[in-house]
1. If you go through segment A:104-132 one residue at a time, how many are within 12 Å of the chain's Cα centre (by Cα) and in a strand (DSSP E or B)?
2. Collect the residues in segment A:8-31 that are in contact (Cβ under 8 Å) with a residue 12 or more places away in the chain, among the β-branched types (Val, Ile, Thr) and either under 18 Å from A:ALA108 (Cβ atoms) or in a loop (DSSP other than H, G, I, E, B) (or both), keeping them in residue-number order.
3. Return the residue satisfying two criteria in turn: it lies in segment B:56-76 and is within 10 Å of the chain's Cα centre (by Cα), outside any loop (DSSP other than H, G, I, E, B) and among the hydrophobic types (A, V, I, L, M, F, W, C), and of such residues it is farthest from the other protein chains (Cβ to nearest Cβ).
4. Which one of B:VAL53, B:VAL24, B:VAL33 is touching a helix residue (DSSP H, G or I) at 6+ places or on another chain (Cβ under 6 Å) and either more than 14 Å from chain A (Cβ to nearest Cβ) or surrounded by fewer than 15 Cβ atoms within 10 Å (Cβ to Cβ) (or both)?
5. Among residues belonging to segment A:32-85 that are assigned to a loop (DSSP other than H, G, I, E, B) and more than 14 Å from every other protein chain (Cβ to nearest Cβ), point out the one that is surrounded by the most Cβ atoms within 10 Å (Cβ to Cβ).
6. What's the total number of residues in segment A:117-151 that are closer than 20 Å to A:GLU65 by Cβ, surrounded by fewer than 22 Cβ atoms within 10 Å (Cβ to Cβ) and at the interface with chain B (Cβ under 10 Å from one of its Cβ atoms)?
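Here, each number is a calculation from the coordinates, and none is a lab measurement. What you see is a predicted model, and the numbers here were worked out from it, not measured in a lab. Because the Cβ atoms are built from the backbone with ideal geometry, glycine has one as well, and the counts that use them run over all protein chains shown.
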Amino acid sequence: MPVPLVAVTSEPLDLQALTAAVSASATADGAVTTFVGLVRDHNQGRRVSYLEYEAYEPLAVKALERILNEAREAWPGARLGVHHRIGRLELSEASIIIVAASAHRGEAFASCRYTIERVKQIVPIWKHEHFEGGDVWLEGATADPEDAAAREAAHRIACA
Amino acid sequence: MRVTIRLFARLRDLAGSGELVREVASPATVQSVWRTLVGEMPSLSEYERTMSVAVNADYARMNADVHDGDEVAFLPPVSGG
């Protein structure tokens, strides 16, 4: 089965497979950048035991597709893929993988960074953090894909 | 008319369920569905200023129309990645 460029899955993430799917038979590529988000053992002074990720799956997939389209629009030479994992994740496991391929490194780095910044802004996925002594739902950004200021902020970070 | 309400993360915990089916007066908007829900579960109202909403798995605004059989989702601030 071909590897999709966008996925929300409870299966362990496979960076090699996504990289192959993004850059398959593209001899014009001069650069591939990857981002792997990991479950960290500490957060805001708490000792994290594990994370549970929850998603509104159909909307999460659409939001990820939207982000890749935004990135392709901003960096027309970039090709991208992103997989997000959900369910219970242990320390050091990958929660998200992003692959960006391009003829030149600048577009690959920038589009990869833009993608993770936008994921944190508009994708309906939540971390339920289980730590020593309790658990807490983490809440970051109010998701609004039409918020131009948020999109510009992600673009600025990507190009910093 | 009947709508399916989806709740996620801490909103789901507060409501005790991630999926509710409710009768709402027609014509309905996301706002009127939310008022029905908060009338039943006042503790959810703390999310009114920070949540996002979706109709049939597309982001929407509080004034969006809701029709019989629609799925309306209320989403706390997101924390993926």
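1. Adding up the residues that qualify gives 1.
2. Residues satisfying the conditions are A:THR19, A:VAL22.
3. Taking segment B:56-76 as the starting set, the residues that turn out to be within 10 Å of the chain's Cα centre (by Cα) are B:62, B:71-75.
Right, trim to outside any loop (DSSP other than H, G, I, E, B) and you get B:71-75.
Now narrow it down to the ones that are among the hydrophobic types (A, V, I, L, M, F, W, C): B:72-75.
Working: B:VAL72: 12, B:ALA73: 6, B:PHE74: 10, B:LEU75: 5 Å.
It comes out as B:VAL72.
4. Numbers: B:VAL53 fails: either more than 14 Å from chain A (Cβ to nearest Cβ) or surrounded by fewer than 15 Cβ atoms within 10 Å (Cβ to Cβ) (or both); B:VAL33 fails: touching a helix residue (DSSP H, G or I) at 6+ places or on another chain (Cβ under 6 Å).
On inspection, the qualifying residue turns out to be B:VAL24.
5. So in segment A:32-85, the residues assigned to a loop (DSSP other than H, G, I, E, B) come out as A:39-41, A:44-45, A:56, A:75-78.
Those still in the list that are more than 14 Å from every other protein chain (Cβ to nearest Cβ) too: A:41, A:45, A:75-78.
Numbers: A:ASP41: 13, A:GLY45: 6, A:TRP75: 23, A:PRO76: 10, A:GLY77: 17, A:ALA78: 27.
My answer is A:ALA78.
6. Going through segment A:117-151, the residues closer than 20 Å to A:GLU65 by Cβ turn out to be A:117-126, A:141, A:143-148, A:150-151.
With surrounded by fewer than 22 Cβ atoms within 10 Å (Cβ to Cβ) added as a condition, the list becomes A:117, A:120, A:141, A:144-148, A:150-151.
Checking which are at the interface with chain B (Cβ under 10 Å from one of its Cβ atoms) leaves us with A:117, A:120, A:141, A:144-146.
Matching residues across segment A:117-151 total 6.
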